[in-house]
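Engineer: Supplied in structure tokens, the structure appears directly below.
The values are calculated or read from the model by the stated rules, or taken from the named source; none is laboratory data. Just so you know, these numbers come straight off a predicted model, no measurement behind them. Here Cβ is always computed from backbone atoms with ideal geometry, including for glycine, and neighbour counts include all displayed protein chains.
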Amino acid sequence: MKWSSLTLFSKSLITLVLAGGIGGAVYYLSPGLRVDESKSVEKLNLSDKDVNNVVTSAELPLPGDAPSTTVNGKPLVRIAGYAWNAQSGIIVANGGPKTATGSVMESNGVNLEIIRQDWLSELRNLQMKFVDEFDKGNSFPKEGAAGIMIMGDGVPFYISSAQQALDDKYGAGKYQLQAVGAIGLSYGEDKLIGPPSWKMNPQSMKGALVSAVIGDGDWVTAVNYASANGIKINPDPSTYDAEAVNFLASANDDYIESAKELIKSQTQGWTVPLKEVKAGKLTGKTIDKKVDGCATWTPGDKMVFDALSGFTDVVSTKEFNNQMAATIIFLRQWADANKQIVSNILKSSYAASNQMKQYDNWRKRASETTAKSFNMETPAYWYAMFKGQQGEKGGVSYNMGGSRVFNLADANQYYGISDGTNRYKAVYDQVSRYLKDLNPAGFNQNVKRVVPYEEAVNMAFLKDVKDIDAGTTYATDYSKKATNVMASGEWRINFESGRAAIRPEGKDVLEQIYNLLVQAEDSKLELVGHTDNTGTQDGNYALSTARAEAVKNYLIAKGIPADRFQKIDGRGQDEPAADNSTAAGKAKNRRVVISLLK
């Protein structure tokens with residue numbers, strides 16, 4: 001086949017394979033070569049208000065099974081997405097994979113087809129095919145998908161990489177992809193799975209190999225947990241660092257493969273050859289490493305727990321409760337030309353989701369349409385997994401599933417339209433920082449820039465949703481004492497010498513802490529300040545407490561509620577993390593430890 005006849009995607013794949021072969025030869029022949037070093041990254045911010053509103057409204061008739069004859073003459077719109085329960089609101093709004101008679105989508109005049117696609121690369125291909133046909137002058141292309149639904153924390157990776165491909169093919173600025181709104185939320189379904197020791201002692205994760213779709217939301221969950229506990233991340237999936245958490249890129253960018261690779265490794269002894277790296281340098285050795293854990297979601301979690309003993313959900317989106325919203329991405333130029341259709345898709349989803357929040361008949365119908373749309377499992381399975389399920393095996397307990405759907409009040413709150421706290425911007429900005437700092441799989445070499453939030457997210461369509469009751473804003477109750485530590489990490493926040501005044505460079509770290517707190521909105525907080533041994537012991541007690549208070553006051557000024565802080569303390573110089581006899585050791589000892597509690 002001639003090079004000129006290949007598609008851009010095929011050329012890109014061939015180029016990557018060739019580059020990988022050359023890079024592999026360099027790895028084998030050049031011990032000591034410097035590679036991407038494992039890094040500590042700042043944690044994600046968690047918000048203080050749980051997004052879960054219920055609006056009282058009359059029960060609507062359930063959608064039927066037959067295809068709609070009312071909208072079949074209207075232009076067909078296709079949206080592709082993973083098999084994921086957080087999307088069940090839009091699915092039941094449509095009455096299944098195609099708009100059904102009596103459905104909410106039909107009542108709003110939308111002819112929609114929902115396509116299941118579990119490979120991230122194929123979701124991108126579907127959207128690229130659509131853009132190609134749209135560029136040829138087809139207002140409603142019959143090829144590809146106008147929109148895709150993915151995890152909101154995976155949007156920075158997806159939009160930035162896809163935007164690079166669009167710019168390369170059509171010229172910079174001609175076409176843009178944009179997120180137009182969230183329709184649901186993972187609430188436990190997406191998780192890091194590993195041995196219970198990772199939950200009891202997070203530091204035991206050092207040296208682990210975790211299978212994940214790198215750059216996607218489940219990878220973010222694992223990175224969140226490691227970073228919140230002060231564990232370094234190895235950004236290079238071809239190397240192994242015993243002092244960091246390492247990631248294996250799941251086959252086909254498929255979350256089901258993440259589960260299968262863990263199972264195969266644990267049951268068949270399957271290993272992955274990785275180049276050993278220490279302090280950012282290759283040693284020349286190859287480590288045959290078993291897979292120790294995975295980041296996945298339902299039904300991947302059930303597959304693991306059915307097949308293996310001694311594994312549990314270490315952390316999930318129940319802890320990072322605002323991290324992962326089911327988000328719709330459209331081509332901006334097409335969406336602008338079809339504003340009413342886009343807004344009506346959101347409107348239909350929010351109306352049906354509010355029915356699910358109130359009426360069990362709607363939850364049952366949602367499970368039926370979900371099973372039909374995904375062509376996987378039974379309605380009873382999806383109904384149970386939407387609520388979330390607990391199990392126990394070999395004395396180890398675990399959790400599976402757990403999702404929420406968004407009504408209009410939820411969406412308005414999530415984006416800060418109703419209460420001023422933009423939870424999604426905190427997620428987007430933090431994940432963007434992960435991409436820049438960690439450079440997963442050479443992201444920065446392949447993508448010129450991370451598309452900023454202001455370009456990637458368009459709230460105009462959500463704000464156009466009218467004529468349904470938006471409800472009132474829900475607030476988390478922080479009155480109860482939290483006792484379980486979810487994560488505890490040390491932040492190096494720069495203060496003025498001998499004072500509690502935060503230096504300008506310290507505020508950058510605090511912004512990252514805020515973003516993490518927004519994502520784990522249900523958690524309560526404990527802040528403990530520490531100093532080096534300069535000055536008197538009594539003076540350092542007061543100074544360390546004052547510095548913890550300064551961090552608290554900064555976060556309150558950003559919008560974190562005061563009643564979310566359960567404890568503020570100062571330990572002075574009593575608990576050094578490093579040797580106070582050196583300048584570097586003193587610097588490490590001037591820190592604030594922030595613990596997230598449930």
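Engineer: Could you please find all residues in segment 50-77 being within 26 Å of the chain's Cα centre (by Cα) and surrounded by fewer than 21 Cβ atoms within 10 Å (Cβ to Cβ)?
Structural biologist: Passing the criteria: ASP50, ASN52, VAL54.
Engineer: From LEU62, LEU112, grab the single residue that is at pLDDT 95 or above and in a loop (DSSP other than H, G, I, E, B).
Structural biologist: Step by step, each of LEU62, LEU112 is checked, and only LEU62 is at pLDDT 95 or above and in a loop (DSSP other than H, G, I, E, B).
Engineer: When you look at ALA578, is it closer than 19 Å to SER595 by Cβ, modelled with pLDDT of 85 or more, touching a Gly at 6+ places or on another chain (Cβ under 8 Å) and not assigned by TED's automatic domain parsing to the domain that holds ASN224, yes or no?
Structural biologist: So ALA578 does not fit the description; no.
Engineer: Would you call ILE193 modelled with pLDDT under 95 and over 26 Å from ASP410 (Cβ atoms)?
Structural biologist: In short, no.
Engineer: Among what's in segment 397-440 and is surrounded by fewer than 24 Cβ atoms within 10 Å (Cβ to Cβ) and among the acidic types (Asp, Glu), pick the residue that is nearest to the chain's Cα centre (by Cα).
Structural biologist: Here the residue is ASP429.
Engineer: Any idea which of (1) within 21 Å of ALA86 (Cβ to Cβ); (2) polar (S, T, N, Q); (3) out of contact with any Leu (no Cβ under 7 Å at 6 or more places or on another chain); (4) surrounded by fewer than 21 Cβ atoms within 10 Å (Cβ to Cβ) is the one GLN178 doesn't satisfy?
Structural biologist: Answer for GLN178: the failing condition is (4).
Engineer: Output the number of the condition that THR70 fails; it satisfies all remaining conditions of (1) in contact (Cβ under 8 Å) with a residue 40 or more places away in the chain; (2) more than 24 Å from LYS364 (Cβ to Cβ); (3) assigned to a loop (DSSP other than H, G, I, E, B); (4) in contact with a Ser or Thr (Cβ under 8 Å, 6 or more places away or on another chain).
Structural biologist: Exception for THR70: condition (1).
Engineer: If you don't mind, there's one more thing I want to ask. Given the criterion in contact with a Lys or Arg (Cβ under 6 Å, 6 or more places away or on another chain), in contact (Cβ under 8 Å) with a residue 60 or more places away in the chain and either over 19 Å from GLY64 (Cβ atoms) or not in a helix (DSSP H, G or I) (or both), identify the matching residue among VAL314, VAL304.
Structural biologist: On inspection, the qualifying residue turns out to be VAL314.
Engineer: Considering ILE287, ILE263, ILE233, ILE256, which residue is under 24 Å from LEU596 (Cβ atoms), surrounded by 15 or more Cβ atoms within 10 Å (Cβ to Cβ) and not polar (S, T, N, Q)?
Structural biologist: ILE233
Engineer: Exactly one of (1) outside any strand (DSSP E or B); (2) in contact (Cβ under 8 Å) with a residue 24 or more places away in the chain; (3) among the charged types (D, E, K, R) is unmet by LYS364. Its number?
Structural biologist: Evaluating LYS364 over (1) outside any strand (DSSP E or B); (2) in contact (Cβ under 8 Å) with a residue 24 or more places away in the chain; (3) among the charged types (D, E, K, R) leaves (2) as the failure.
Engineer: Give the residue that is modelled with the highest pLDDT, with candidates limited to residues of segment 479-501 that are hydrophobic (A, V, I, L, M, F, W, C), crowded, with 17+ Cβ neighbours inside 10 Å and out of contact with any Leu (no Cβ under 7 Å at 6 or more places or on another chain).
Structural biologist: Checking each candidate, the answer is PHE495.
Engineer: Out of everything in segment 166-185 that is at pLDDT below 95 and of a type in the set (A, V, I, L, M), what residue ends up being nearest to ALA456 (Cα to Cα)?
Structural biologist: ALA172
Each row is one residue, and each column tells you yes or no for (1) under 12 Å from the mean Cα position of the chain (by Cα); (2) buried (at least 24 other Cβ atoms within 10 Å of the Cβ).
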site: ASP190; (1), (2): yes, yes
site: PRO195; (1), (2): no, no
site: ASN201; (1), (2): no, no
site: SER204; (1), (2): no, no
site: GLY207; (1), (2): no, no
site: SER227; (1), (2): no, yes
site: PRO237; (1), (2): no, no
site: ALA242; (1), (2): no, no
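Engineer: On the given criteria, is SER107 buried (at least 22 other Cβ atoms within 10 Å of the Cβ) and polar (S, T, N, Q)?
Structural biologist: For SER107, the condition - buried (at least 22 other Cβ atoms within 10 Å of the Cβ) and polar (S, T, N, Q) - is not met.
Engineer: Can you say whether LYS278 is surrounded by fewer than 23 Cβ atoms within 10 Å (Cβ to Cβ) and either modelled with pLDDT under 95 or touching a Cys at 6+ places or on another chain (Cβ under 6 Å) (or both), as far as the supplied structure shows?
Structural biologist: yes
Engineer: Free of Cβ contacts under 8 Å to residues at least 40 places away in the same chain, over 28 Å from VAL314 (Cβ atoms) and surrounded by 17 or more Cβ atoms within 10 Å (Cβ to Cβ), is that true of LEU166?
Structural biologist: yes
Engineer: Just wondering, is there one or more residues in segment 290-301 that are modelled with pLDDT of 90 or more, in a loop (DSSP other than H, G, I, E, B) and among the acidic types (Asp, Glu)?
Structural biologist: yes
Engineer: Then there is this: Report, by residue number, each residue of segment 553-572 that is surrounded by fewer than 19 Cβ atoms within 10 Å (Cβ to Cβ) and either assigned to a helix (DSSP H, G or I) or among the aliphatic types (A, V, I, L, M) (or both).
Structural biologist: ASN553, TYR554, ILE556, ALA557, LYS558, ALA562, ASP563, ILE568
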